[in-house]
Amino acid sequence: MTDRYSPLHPVHVAAGASFTDFAGWQMPVRYSSDLAEHHAVRTAAGLFDLSHMGEIIVIGPEAADALDYALSGRLSAIAIGQAKYSLLLGREGGIVDDLVVYRTGEDRFMVVANASNRETVFAELLERCSPFDAEVFDESDDLALIAVQGPLSRRILTETDGFSVEGGHPDGRDFAETLAAEKYYRAFAGAFRGHPVLIARTGYTGEDGFELYIGPDQAPVLWDALMEVGAPLGLVPAGLASRDTLRLEAGMPLYGHELGMDVYPVQAGLARVVVLDKADFVGRDAIVAGPPSGARVLVGLAGLGKRAARADYEVFASEESSEPIGIVTSGALSPTMGFPIAMAYIDAANAAPGAELSVDIRGKRLPVSITTLPFYSRKKD
Amino acid sequence: MTSATELQYTSEHEWVLVEGNTATIGITAYAAEKLGDVVYVDLPDVGSTVASGTVVGEIESTKSVGELFAPVNGTVLAKNSAVEDSPELVNSDPMGEGWLIKVEFTELPELLTAAQYDALLGE
């Protein structure tokens, strides 16, 4: 496969980033230190390039009905400007992808898919929406995505020149108020130096923050403008390595680790994003039937010391037992808390909060205990 | 990157400083950069015997786990306790303060020169 590059690639090269392959994309894994980037997001702010994510537009008089059928949630119930976390389910009840859906108009929705699933999600939505009066477009190549995450995010956006609210005051004097009034999981249409930008109060770090969808040509200008204002306040460019430890601390699942075609939403603790009280939708029968009884469920594990359990390590009921009762899906030494954390699928019978289990870390058994997710919650102001 | 010429190297991205019968061993700047921030090191005990080519320790970063291979047969004379307490030394000074172990060896195997190691890195 030919490598894909973000429109911000030259900016990252100039900033000295190290790159990693992510679903065929060459994306920054870190700029200097993943730990420093992690801490910056928790204490000040970090700037992420997420241009590899897929953006698929569903538009038409029956767009809302089409998405109610295609996805697990009731997207027809969300207001213009609202965002919703949802799932694309397989007919057997597994998870094809997890998504954020923005309602950007009465008849227009933007579905944001994981980079690895972009083509699949587009193909599935095309097929699932075909009986409805709605059209589906893959706009991924026409949108870059920049995330500003951390407690200083709003201040940085407010102090950056050039933002305005669509239909608002031409000099953007109402931008700060609009931004301040914006609630979590809401988005509004704005402009940056005359170019359209969707400004969403969403993220994947457990901190306050914004995600900015903008045309690829304007993305480097926006990135530089945010850095210029933010750097003196502690804003740093942040790579995918810190994004992964941030989302893990926040207990957020990652597709391919905690979510996949072999996982029912209920196992991942996502029953709340499947709405049965609506018209028929793909996967409904399988969801109603549910997974086999005793199926593994997603839990958080906390350990002692410094050695982290990592993806695919086996979990046991005790140090002595030889029959695994679960498997780790993500794990790291938590940069914020300083102890090892992990997410794992554990047999339901052994998955009670507080249960003491044993994990095999490359041949050594270490104790872990089941803890409620998330590991980290920011202090709300 | 130009690797320091007084050192010798292995294809496992370790450097070896030979002084008499003692080999001081660490991981190269390239390896440290690839690992990312090192958060934990597990080093063999002083006095233990190590065999060339076997895994004798681990270097963990937030993202992954690197293995420490013994480049020589011998006995561990010292381990760097400063690195055990402050694993970030492996990132800040991989070829100096971030050294890992000293091994007294009986026989020195063929190691890579700096030029050979640079060639391995494709630079």
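Every number here is computed from the coordinates shown, using simple stated rules; none is lab data. These numbers come from a predicted model, not from an experiment. Neighbour counts are summed over all protein chains in view; Cβ atoms, including those assigned to glycine, are modelled from backbone coordinates with ideal geometry.
Using a cutoff of 8 angstrom between alpha carbon atoms and counting only pairs six or more residues apart, the relative contact order for the stretch A:292-381 works out to 36 percent. Under a 5 Å amide H cut-off, with hydrogens placed 1.01 Å from N, A:Val29 pairs with A:Ser18, A:Phe19, A:Thr20, A:Leu240 among residues at least 5 apart or on other chains.
Among B:Thr75, B:Thr22, B:Thr62, the largest mean-square fluctuation in a Gaussian network model of chain B (Cα springs under 10 Å) belongs to B:Thr62.
Label-to-label distance, A:Glu159 versus B:Thr75, with points set 7 angstrom from Cα along the beta-carbon direction: 6.1 nm.
Working ranking of peptides A:245-254, B:98-107 by packing, defined as the average number of other Cβ atoms within 10 Å per residue, highest first, is A:245-254, B:98-107. FRET efficiency for the pair A:Ser369 and A:Glu323, taken as 1/(1 + (r/R0)^6) with r the Cβ-Cβ distance and R0 = 25 Å, rounds to 0.80. Tell me which aspartates and glutamates have Cα within less than 13 Å of A:Lys84's Cα, excluding those fewer than 8 residues away on the same chain? Those aspartates and glutamates meeting the cut-off are A:Asp68, A:Asp98. Averaging Cα coordinates gives a centre for the stretch A:217-241 and one for the stretch A:124-142; these two points are 33 Å apart.
Figure legend: label point modelled 7 angstrom from the Cα of A:Leu126 along Cα→Cβ; residues of the stretch A:67-82 with amide N under 20 Å from it are A:67-71. Approximating the spin labels as points 7 Å out from Cα along Cα→Cβ, the A:Ala352-to-A:Ala77 distance works out to 3.3 nm.
Can you find, among B:Ser61, B:Ala82, B:Ala29, the residue farthest towards the positive end of the dipole of the stretch B:8-107? Put +1 on the C-beta of Lys and Arg, -1 on that of Asp and Glu. It is B:Ala29, whose Cα lies furthest towards the positive end.
Measuring nothing but how far apart in sequence close Cα pairs (under 8 Å, 6+ apart) lie, relative to its length, chain B scores a relative contact order of 32 percent.
Can you figure out the FRET efficiency of A:His195 with B:Glu104, using R₀ = 60 Å and their beta-carbon distance, to the nearest 0.05?
For A:His195 and B:Glu104, the calculated efficiency is 0.35.
Compute the distance from the alpha-carbon center of the stretch A:1-37 to that of the stretch B:1-67, in whole Å. Spelled out, the Cα-based centre of one part sits 26 Å from the other. With contributions of -39500 (n - 2.57) from each DSSP H run of at least four residues, the per-residue ellipticity at 222 nm computed over chain A stands at -5500 deg cm²/dmol. Translational D (Stokes-Einstein, µm²/s) of chain A at 37 °C and 0.692 mPa s when Rh comes from the Kirkwood sum over C-alpha pairs? Diffusion coefficient, whole number: 152 µm²/s. Candidate cross-link partners of B:Lys63 among the lysines, defined by an alpha-carbon separation under 21 Å and a same-chain spacing of 8 or more, comprise A:Lys306, A:Lys364, B:Lys34. A simple rule links phi to the HN-Hα coupling: the Karplus curve 6.51 cos²θ - 1.76 cosθ + 1.60 with θ = phi - 60°, which for the stretch A:78-84 gives 8, 7, 4, x, 9, 10, 9 Hz, with x for Gly and Pro. Classified by the C-alpha gyration tensor, chain B has an oblate form. Its axis ratio a/c, with a ≥ b ≥ c, is 1.5 or above, and a/b does not exceed b/c. Derived scalar couplings between HN and Hα for the stretch A:348-355 equal 3, 5, 10, 9, 6, x, x, 4 Hz in order, rounded to whole Hz, by the Karplus curve 6.51 cos²θ - 1.76 cosθ + 1.60 (θ = phi - 60°), x for Gly and Pro.
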